[in-house]
Amino acid sequence: MKKLRLYIAVFLAIGLVCVSTAIAANGNNLPYFDNFDDGDALGWNVISGDWFVENGEYHQENPDRNNGETPYGWDQMTTLANIQQSDYFIQADMHLEEANYERGWLGLLFRYQDNQNYYSILLYDNGGEARLEFWTYLNGRWNMVNYENVDVDLYAWNTLSADINGNLFDFYLNGEFIFQSTDDVLVDGDIGLYTEDTRASFDNWVMSGSFENIGDIIAEVEYLLSSGEISNAGVANGLTSTLNSALKALEKGNVNVARNTLLAFISKVTAQANKHISGDGTTILIEAANQILATL
């Protein structure tokens with residue numbers, strides 16, 4: 001299931017290659033993409049720190065803990081305003097520029113309520129050793145819930161992703177599932193970026209609905225293609241081939257080709273409805289394709 005969800009996440013991220021500005025869709029601000037190539041950070045709300053856009057990247061330039069400019073001490077935060085969602089997928093590219101005190105953190109914020117209550121998934125540089133850490137910050141108290149050592153260079157670009165669904169949080173680094181954590185105190189909130197004791201850069205922000213539900217649908221699709229819900233092996237193989245063609249198109253950055261291929265997939269499913277595909281199977285397959293189309 002995690003591999004399938006991540007496949008959709010990568011599917012979405014590759015599709016953003018052609019996006020050159022911030023894009024929000026529908027009344028819930030989902031999906032939302034920003035590669036900062038428009039030179040501004042419209043829609044972002046700086047909580048603390050010195051955040052600005054330069055050369056198509058979002059920078060945080062204040063590595064100091066208590067210099068009088070960061071009212072919350074050592075953490076520098078920026079959030080997307082008025083998201084207040086419960087479940088979402090978020091992702092960003094990031095790298096360290098400078099770590100203060102030979103250590104530092106950078107990463108993603110989620111379910112941010114105020115400067116005393118939020119969650120964060122952070123890359124930690126401990127004197128050259130890298131670690132991925134999930135923290136809760138509740139009523140002004142830090143608690144590290146989970147961590148995993150990771151073999152990456154934090155001064156090079158890395159892609160950090162979080163799939164947030166209910167009280168389950170799946171975390172990925174550079175396309176690889178690292179660990180799952182849970183907490184049930186904060187049920188919704190804003191999302192954003194975080195640094196501590198560092199100067200850092202961010203790029204290619206991605207936000208969409210949680211891929212937990214999409215992953216469940218795709219897993220059901222896989223089941224349908226190998227079960228009696230699809231009665232003809234030729235039809236099943238043809239549908240699988242069409243989906244693979246769409247995925248290969250996105251891998252090459254051909255978003256329009258992928259979109260047209262998914263539309264062709266829907267047409268093929270519709271043509272086989274109640275013939276070689278059951279009514280329930282038809283509904284699930286079409287919904288799965290439309291879920292993906294909505295992110296392109």
Using alpha carbon centroids, what distance separates segment 145-190 and segment 265-286, in Å?
36
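When a footprinting reagent is the concern and you count Cβ atoms within 10 Å, what order do ARG199, ARG141 take, fewest first?
Details: ARG199 21, ARG141 9.
So the residues, fewest neighbours to most, are ARG141, ARG199.
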What is the order of VAL269, VAL150, fewest Cβ neighbours within 10 Å to most?
VAL150, VAL269
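Every number here is computed from the coordinates shown, using simple stated rules; none is lab data. Bear in mind the structure is a predicted one, so any value in this text is a computation, not a measurement. No Cβ is skipped: glycine too gets one built from the backbone with ideal geometry, and neighbour counts run over all protein chains shown.
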